[in-house]
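Everything below concerns the one structure shown next.
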Amino acid sequence: MNATNTPQGLPGQPHVAYQGEQLMLEGVNLSDLAREHGTPLFAYSKAAMLSALAAYQRGFAGRQAQICYAMKANSNLAVLQVFAEAGCGFDIVSAGELARVLAAGADPAKVIFSGVGKTRAEMKQALQIGIGCFNVESEAELDVLNTVALGMGKQAPVSLRVNPNVDPKTHPYISTGLKGNKFGIAHEDTLRAYQHAASLPGLKVVGIDCHIGSQITETTPYLDAMDRMLDLVADIEAAGIPIHHIDFGGGLGINYNGDTPPKADALWAQLLAKLDARGYGQRQLMIEPGRSLVGNAGVCLTEVLYLKPGEQKNFCIVDAAMNDLPRPAMYQAFHQIVPVTPRAGEATLYDVVGPVCESGDWIGRDRALQVQTGDTLAVLSAGAYCMSMASNYNTRGRAAEILVDKAQAHLIRQRESVFDTFALEQLV
């Protein structure tokens with residue numbers, strides 16, 4: 001690979017570019033970051049995050065809309081701070097995530113609590129803090145939340161998550177809107193569930209919610225889900241239950257490997273046109289993007305430890321592993337892998353694998369690379385569902401994280417030491 005022939009902005013990551021013989025993230029040299037902080041190392045572009053958010057903000061210009069970042073995609077406090085300062089609310093799925101957004105300076109009134117298994121303790125904590133809304137996912141949860149709220153002398157604001165049985169055409173592990181998925185209330189049961197919610201004195205119905213999946217790259221599933229949602233809104237309000245906000249979830253995909261999802265502003269131009277045509281264009285709108293805000297903002301830097309030729313496969317063994325980058329092992333996901341400092345010469349086809357003691361520990365299959373031991377590789381589009389799902393498997397400390405802002409690199413998470421991984425354990 002010759003750096004002089006490489007396009008400035010890499011596919012899907014315009015804030016990652018070669019300058020001369022070095023890969024840069026905004027104005028920061030990634031080789032320098034790897035030398036200073038070691039590898040594996042995650043680095044995120046603040047400009048890339050704000051640029052992704054700006055597309056949603058343009059799409060909602062002139063509308064009553066609240067963008068709530070789905071923080072499960074990347075929950076580092078500094079990342080949350082970026083979105084809080086940009087006016088975002090947050091979509092959370094645990095009390096731990098609630099504690100994180102509060103530590104990052106979020107407004108509790110802009111917090112939406114989703115998830116199928118909220119505990120009574122989590123409900124109580126969220127009610128005490130005064131979050132904006134609970135996205136309720138079952139009739140049983142309605143009853144428990146009602147009991148908790150009455151016991152505190154409060155009324156819980158609720159939105160019911162509807163399962164519209166729409167195929168998002170994505171990986172089955174991240175499809176959430178089909179009848180066979182665990183999420184939401186079945187489309188045909190929704191009116192009855194709303195009538196039940198409206199009858200419970202500890203609850204206040206404020207909205208309706210839908211989220212059909214993640215890494216969606218087509219417009220049609222969104223349009224189909226919106227039609228089903230608006231049909232339900234009409235039925236619910238005809239039964240005398242007002243719906244104040246309509247929540248369309250998130251799920252918009254990013255470019256991992258030539259993927260062509262619609263731009264956020266273009267997608268919402270189509271969705272808003274449908275809302276207007278059906279008479280709901282002036283409603284309060286909520287959305288919860290996650291991956292599309294942070295996925296292409298991040299890279300993972302990893303060192304080549306060994307090159308291992310084989311009869312059937314050549315292996316490039318790196319120091320990042322499935323505990324650092326779980327998406328390939330978990331979803332058979334694709335990430336672009338490029339050298340931080342390209343070498344001239346003919347490339348070799350490698351499987352890029354980690355040191356963890358599992359055959360599933362791979363980062364990329366059949367990648368053409370011109371590399372030597374000691375080189376640094378950049379795994380692209382690593383801003384979402386990497387560090388947030390990282391583990392200590394094989395007693396491996398989790399990576400350090402950097403936030404890049406123009407030419408400044410801020411350490412936003414220290415590397416975990418081996419001793420950190422068992423600090424809470426004790427001998428009998």
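Structure summary
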| quantity | calculated |
| --- | --- |
| Residue among G117, Q332, A86 farthest towards the positive dipole end of the chain, charges placed on Cβ | A86 |
| 18 Å Cα-Cα threshold exceeded, pairs from K72/K118; K46/K406; K204/K274; K124/K204; K124/K154; K72/K110 | K204/K274 |
| Charge context of I208, other residues only, Cβ under 13 angstrom, K/R +1, D/E -1 | -3 |
| Three principal axis lengths of segment 358-428 [C-alpha, angstrom, descending] | 50, 37, 25 |
| For the chain, calculated [θ]222 nm from helices alone, where every DSSP H run of n ≥ 4 adds -39500 (n - 2.57) | -8000 deg cm²/dmol |
| Cα shape, the chain, gyration tensor, a/c 1.5 rule | prolate |
| Integer Hz, Karplus 6.51/-1.76/1.60 couplings in order for segment 297-303, x for Gly and Pro | 8, x, 10, 10, 8, 9, 8 |
| Segment 1-114: C-alpha gyration tensor shape, a/c 1.5 cut-off, then a/b vs b/c | oblate |
| Only Lys, Arg (+1) and Asp, Glu (-1) charged, at Cβ; segment 68-125 dipole about Cα centre in debye | 220 |
| Among G279, I212, S159 - extreme Cα towards positive end, dipole of segment 114-289, charges at beta-carbon | S159 |
| Highest to lowest packing among 47-53, 257-263, scored as the average C-beta count within 10 Å | 47-53, 257-263 |
| Dimensionless Rg/Rh of segment 304-428 - Kirkwood Rh, Rg from C-alpha atoms | 1.00 |
| For H244, residues with placed amide H under 5 Å, excluding near neighbours | G207 |
| Residue among L200, A149, V136 farthest towards the positive dipole end of segment 114-289, charges placed on Cβ | A149 |
| Centre separation in Å (Cα based) which lies between segment 58-126 and segment 356-427 | 25 |
| Point-charge dipole on Cβ atoms (K/R +1, D/E -1) for the chain, about Cα centre, debye to 20 | 500 |
| For I402, residues with placed amide H under 5 Å, excluding near neighbours | F42, A43, Y44, I412 |
| Residue-span extension gain [A423 to A347] - 0.36 nm each, minus C-alpha spacing | 23.0 nm |
| Low-density loop cleavage sites - trypsin sites (Lys or Arg not before Pro) in segment 373-413, where at most 12 other Cβ are within 10 Å (DSSP) | K406 |
| T348 long-range amide H proximity, modeled H, under 5 Å | L369, Q370, V371 |
| Given charges at beta-carbon only (K, R positive; D, E negative), |dipole| of segment 114-289 in Debye | 420 |
| Cα shape, segment 114-289, gyration tensor, a/c 1.5 rule | prolate |
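Since every read-out is calculated from the coordinates, none of them should be taken as a lab result. Predicted, not measured: the structure shown is a model, and the values here were computed from it. All Cβ positions, even for glycine, are placed from backbone atoms using ideal geometry, and neighbour counts span all protein chains on display.
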